[in-house]
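J.: To start, I am sharing the structure in question, which I have written as structure tokens.
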Amino acid sequence: MNKILGIGWKEVKLAFRDRAGLILMLLAPMLLTLGLGLVTGSFNRSSSPVSGIPVVLVNLDRAQIGNAIVDTFASAELKDLMDPMLVSDAASARKMVDDDKAAAALIIPVGFTDSIIPNTSTGATGPLEQIELYANPTRTTSASVVKTILEGFLGQVEVGRISAETSVAALIDQGLIQPGDAAQLGAQIGMQQGVGLTANPAIALEQSTTSGSAAGFNALAYMAPGMALMFLMYTVSYGGRSILYEKQHGTLPRLMVAPLTTSQILGGKILGVYLTGVIQMLILIGASAVLFDLNWGNPLSILLVVLSAVFAAVGWGSLIVAFAKTPSQVANIGSAMMLTFGILGGSFFSVESMPGWYTILSRITPNAWGISSFSTLAAGGTLLDILPAVFALLAMGGVLFIISVVVIRRRGLFQE
Amino acid sequence: MNSILEVHELVKKYGATVAVNGISFDIKEGEIFSLLGPNGAGKTTTISVLSTLLAPTAGDAMIGGFSIRKDQLAIRRMIGVIPQELALYDDLSARENLYFWGSMYDLRGKQLKTRVDEILEQIGLTDKANQKIKSYSGGMKRRVNIGVGLLHRPRLIFMDEPTVGIDAQSRRAILDSVKSLNAQGMTVLYTTHYMEEAQELSDRVGIIDHGDLIALGTQSELTMQVGERETLVLHVGELDAPEEFVERLKILPGAEHVQRTDHEISINTPKADELLSPVVALSNELNIKLKSVDMQAPDLETVFLHLTGRALRD
Ligand SMILES: Nc1ncnc2c1ncn2[C@@H]1O[C@H](COP(=O)(O)OP(=O)(O)OP(=O)(O)O)[C@@H](O)[C@H]1O
Ligand SMILES: [Mg+2]
């Protein structure tokens, strides 16, 4: 065990002493997060990483605020981001979400406007009504966006109602509350997590299927985990390369003639790559939290996602080693895998907006599971919400390790 | 004396290539045994199989009573291996390398620290111990490469051509350290293609060529095999020795194995003094200027020449 740790630690030292490696492990993901985040975040919503989110609206209210919400989601400003559908009853809207045809359903109840806007003749408001947000648990990011926009809008309404004591209906009618403003505000609120409906007790949301609360949609928050996971794939293929590199440079044969078993050597190598990956992820998460002011969510749950995502990634790394013959082959396959998995797994844009087969295929990547877990956590999700993804990642890693070991045994990595 | 290593009919093939072709020999506790052979003879392959890196295709070897086929771990604890190619982590310092490799040989704590310091002293790198290996000269790297193999005080050490590609001074230091290690009781298996090194160091020598062990014994036993042969070495200018001269030398009575390199022609012969005057006469006849002529007693080079008809080095 001591020797496994010894080899593992040596691996970590070498990885963090390699300057080119450090650039790719740490600097590149940070710069790309910043670069892509700024591009998508500030220029144009249409190039946002999330687009065309299908949302079902049920307007049972049919009064000013209900109509204004529908208008907001259908507005030109949100044209690229949202893909709203109107249905007439709540049950079929929920069914669409259950069937994964929509990321979320918004059900605006009868009398919602009345519960907020005082009756012009009596001056009294109707009984409290709540909008129901029925969110799709497999599309946490999109559902969070929907929620943020809604919260933003309702926040405007609330502000208008309390501070100016004018009719919100009038505000909307006069165009003082622009649907676009609501969306803008939504994005801002997303950046400062936790500011949401808690500030607006009169308006409450009901969420049916997920327990995620305040939404965290902003481009940096989306890019940071995506890039971290993508460059994690670099790290694991670098680790894979090192075993073949050591073979060529004689240090592996030298280990082979030291009193060590093959499993100890392999175990030490894998441990080293694993530790390197974990450290890399933690540094990236810590640095982006500080530099970009991102809230990643509950630290322990984050750690759990990191530990399992790196496990799955190392599984892929060892599979490459099992099939490649030279360090440069590993590097090539590794880079190809890094990019493919990055695109497929949603490191650049959300897979939620892609066709079903794409989403299913994306599940072979640690990236997809990792990104969905991280966005769930950033949106305030709990350990329970990410457990399925954690198990998926662990199972993925386990299966890949078994395949790799069988192949390595058969091919004999160490015997000529 | 006890044998620490016994090799029986050892064969190693790489696919169709037979690198080691059924060799047998033994090494006694406390001796320096050299495997002498040209490039590609099978020296490294032999060491790789004996050190349990590669499995033998056939045959077996016992080291300290353990079989290389079955008791790899026990053997690995007992032996030290100094590979022909440098096997170090370039991005770690000499001290870090030694610590790492020492821990792989079950050294830890204070004992490890003491050994690392001793080895650094021994290879003369205490001052530069904390510099990365990649900043070292070739000779310094070689010294660390050797030091790593000595950390755990192996009973038997395999040194595979440790002097290849280094300057004369480092080479001298390495040869001396081999002798002093041996004086401290370490048994050494040393491979080389330098006849002089084998001659200087070894108690016994095995000559290996094309995977076959073609001769085995003490140096005097080996030279006896050649009989009373001596070698006449003619030093000539590069262009001063036409083919005709060589061809005519070959047919002189008593001349065997005429070998020509850039500046010299060596003639293997039972009676060098009798051959001398016809050689001089021939060179006069062809108007060839001889710079000098040496008469050499038989050495390992002669033995190799005698057995294979080729020179050890090309
Ligand atoms: N991994 C390998 N695969 C195939 N053939 C090999 C391999 N290693 C060595 N050989 C072949 O086996 C033969 C013996 O090689 P080996 O390296 O043992 O010789 P050597 O005596 O150590 O030579 P040198 O003085 O050049 O180090 C050579 O013909 C070589 O080409
Ligand atoms: Mg060799």
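J.: What number of residues in segment A:348-376 are touching a Leu at 6+ places or on another chain (Cβ under 6 Å) and part of a loop (DSSP other than H, G, I, E, B)?
T.: Total satisfying the criteria: 1.
J.: Looking for something of a type in the set (S, T, N, Q), touching a residue at least 60 places away in the same chain (Cβ under 8 Å) and in a helix (DSSP H, G or I) - is there at least one such residue anywhere in segment A:377-399?
T.: No - not one qualifying residue is present in segment A:377-399.
J.: With A:GLY226, A:GLY277 as the choices, which residue is assigned by TED's automatic domain parsing to the domain that holds A:ASN367, modelled with pLDDT of 90 or more and touching a Ser or Thr at 6+ places or on another chain (Cβ under 6 Å)? Write out each step before concluding.
T.: On the way: A:GLY226 fails: modelled with pLDDT of 90 or more.
Sole residue among the options that is assigned by TED's automatic domain parsing to the domain that holds A:ASN367, modelled with pLDDT of 90 or more and touching a Ser or Thr at 6+ places or on another chain (Cβ under 6 Å): A:GLY277.
J.: Identify all residues within segment B:21-44 that are within 9 Å of ligand 1 (Cβ to nearest atom) and within 18 Å of B:ALA55 (Cα to Cα); write none if there are none.
T.: B:GLY42, B:LYS43, B:THR44
J.: Checking B:ASP91 against (1) more than 7 Å from chain A (Cβ to nearest Cβ); (2) over 22 Å from B:MET186 (Cβ atoms); (3) at pLDDT below 95, which single condition isn't satisfied?
T.: B:ASP91 satisfies every listed condition except (1).
J.: A follow-up question, please. Restricting attention to segment B:56-69, and to residues there that are within 19 Å of A:THR261 (Cβ to Cβ) and in contact with an Asp or Glu (Cβ under 9 Å, 6 or more places away or on another chain), which single residue is nearest to ligand 1 (Cβ to nearest atom)?
T.: This residue is B:ILE68.
J.: Report, by residue number, each residue of segment B:45-73 that is more than 8 Å from chain A (Cβ to nearest Cβ) and under 30 Å from B:GLN131 (Cβ atoms). Even if it seems obvious, please write down each step before you answer.
T.: Start the filter on segment B:45-73 by keeping residues that are more than 8 Å from chain A (Cβ to nearest Cβ), which leaves B:45-47, B:49-50, B:56-72.
If the condition is that a residue be more than 8 Å from chain A (Cβ to nearest Cβ) and under 30 Å from B:GLN131 (Cβ atoms), then B:ILE47 is the only one that fits.
J.: Could you list all residues from segment B:257-276 that are of a type in the set (S, T, N, Q) and farther than 21 Å from B:GLN225 by Cα? Write out each step before concluding.
T.: To start, the set of residues in segment B:257-276 that are of a type in the set (S, T, N, Q) comprises B:259, B:261, B:266, B:268-269.
Of everything in segment B:257-276, just one residue is of a type in the set (S, T, N, Q) and farther than 21 Å from B:GLN225 by Cα, namely B:THR261.
J.: Scan segment B:1-20 for residues that are within 10 Å of ligand 1 (Cβ to nearest atom) and not basic (Lys, Arg) and report the count.
T.: First pass over segment B:1-20, keeping only residues within 10 Å of ligand 1 (Cβ to nearest atom): B:12-20.
Pick out the ones that are also not basic (Lys, Arg) and you get B:14-20.
Summing the residues that are within 10 Å of ligand 1 (Cβ to nearest atom) and not basic (Lys, Arg) in segment B:1-20 gives 7.
J.: I'd like the full set of residues that are outside any helix (DSSP H, G or I) and farther than 13 Å from A:GLY239 by Cβ, limited to segment A:312-341.
T.: A:LYS325, A:THR326
J.: So, one more: Determine if segment A:142-157 includes at least one residue that is surrounded by 20 or more Cβ atoms within 10 Å (Cβ to Cβ), of a type in the set (Ser, Thr, Tyr) and touching an Asp or Glu at 6+ places or on another chain (Cβ under 9 Å).
T.: There is at least one residue in segment A:142-157 that is surrounded by 20 or more Cβ atoms within 10 Å (Cβ to Cβ), of a type in the set (Ser, Thr, Tyr) and touching an Asp or Glu at 6+ places or on another chain (Cβ under 9 Å).
J.: Helices (runs of 4 or more DSSP H) wholly in segment B:198-314 with at least 1 residues that are closer than 22 Å to B:GLY42 by Cβ - which ones?
T.: Where helices (runs of 4 or more DSSP H) fall fully within segment B:198-314 and carry at least 1 residues being closer than 22 Å to B:GLY42 by Cβ, they are B:219-225, B:300-308.
J.: Sticking with this structure for a sec: Residues that are touching a residue at least 40 places away in the same chain (Cβ under 8 Å), in contact with a Phe, Trp or Tyr (Cβ under 8 Å, 6 or more places away or on another chain) and buried (at least 18 other Cβ atoms within 10 Å of the Cβ): does segment B:52-69 have at least one?
T.: no
J.: Checking the structure you have, find out if any residue of segment B:278-299 is buried (at least 17 other Cβ atoms within 10 Å of the Cβ), under 24 Å from the mean Cα position of the chain (by Cα) and in contact (Cβ under 8 Å) with a residue 60 or more places away in the chain.
T.: yes
J.: In addition: Which pairs turn up if I take residues in segment B:159-176 that are at negative phi and within 14 Å of chain A (Cβ to nearest Cβ) and look for partners that are of a type in the set (Gly, Ala, Ser) and away from ligand 1 (no atom under 12 Å from the Cβ) with beta carbon separation below 9 Å, at least 6 apart in sequence or on another chain?
T.: Close Cβ pairs satisfying both conditions: B:MET159/B:GLY80; B:MET159/B:GLY149.
J.: Being within 7 Å of chain A (Cβ to nearest Cβ), within 16 Å of ligand 1 (Cβ to nearest atom) and in contact (Cβ under 8 Å) with a residue 24 or more places away in the chain is the filter here; which residues of segment B:74-88 pass it?
T.: B:VAL81, B:PRO83, B:LEU86, B:ALA87 - these are the residues of segment B:74-88 that are within 7 Å of chain A (Cβ to nearest Cβ), within 16 Å of ligand 1 (Cβ to nearest atom) and in contact (Cβ under 8 Å) with a residue 24 or more places away in the chain.
J.: For the structure I just gave you, tell me whether B:SER202 is buried (at least 18 other Cβ atoms within 10 Å of the Cβ) and either within 16 Å of ligand 2 (Cβ to nearest atom) or polar (S, T, N, Q) (or both). Can you show your working first?
T.: Values: buried (at least 18 other Cβ atoms within 10 Å of the Cβ): yes; either within 16 Å of ligand 2 (Cβ to nearest atom) or polar (S, T, N, Q) (or both): yes.
For B:SER202, the condition - buried (at least 18 other Cβ atoms within 10 Å of the Cβ) and either within 16 Å of ligand 2 (Cβ to nearest atom) or polar (S, T, N, Q) (or both) - is met.
J.: Okay, moving on. Which condition number does A:ILE283 fail, the rest of (1) within 17 Å of the chain's Cα centre (by Cα); (2) over 22 Å from A:GLU246 (Cα atoms) being met?
T.: A:ILE283 satisfies every listed condition except (1).
J.: Under 7 Å between Cβ atoms, which residue pairs at least 6 apart in sequence (or on different chains) link something in segment B:103-130 that is within 14 Å of chain A (Cβ to nearest Cβ) and without any contact (Cβ under 8 Å) to a residue 40 or more places away in the chain with a partner that is in a loop (DSSP other than H, G, I, E, B) and not hydroxyl-bearing (Ser, Thr, Tyr)?
T.: Going by the 7 Å Cβ cut-off, the qualifying pairs are B:MET104/A:ALA258; B:MET104/A:LEU260.
J.: Then there is this: Determine whether segment B:81-92 contains at least one residue that is part of a helix (DSSP H, G or I) and either under 30 Å from B:MET62 (Cβ atoms) or acidic (Asp, Glu) (or both).
T.: No.
One line per residue, one yes/no per condition, for (1) away from every other protein chain (no Cβ under 14 Å); (2) part of a helix (DSSP H, G or I); (3) touching a residue at least 40 places away in the same chain (Cβ under 8 Å):
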| position | (1), (2), (3) |
| --- | --- |
| A:SER237 | yes, yes, yes |
| A:LEU255 | no, yes, yes |
| A:SER301 | yes, yes, yes |
| A:VAL306 | yes, yes, no |
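The values are calculated or read from the model by the stated rules, or taken from the named source; none is laboratory data. Computed from a predicted structure; not experimentally measured. Ideal geometry is used to build each Cβ from the backbone, glycine not excepted, and the neighbour counts take in all protein chains shown.
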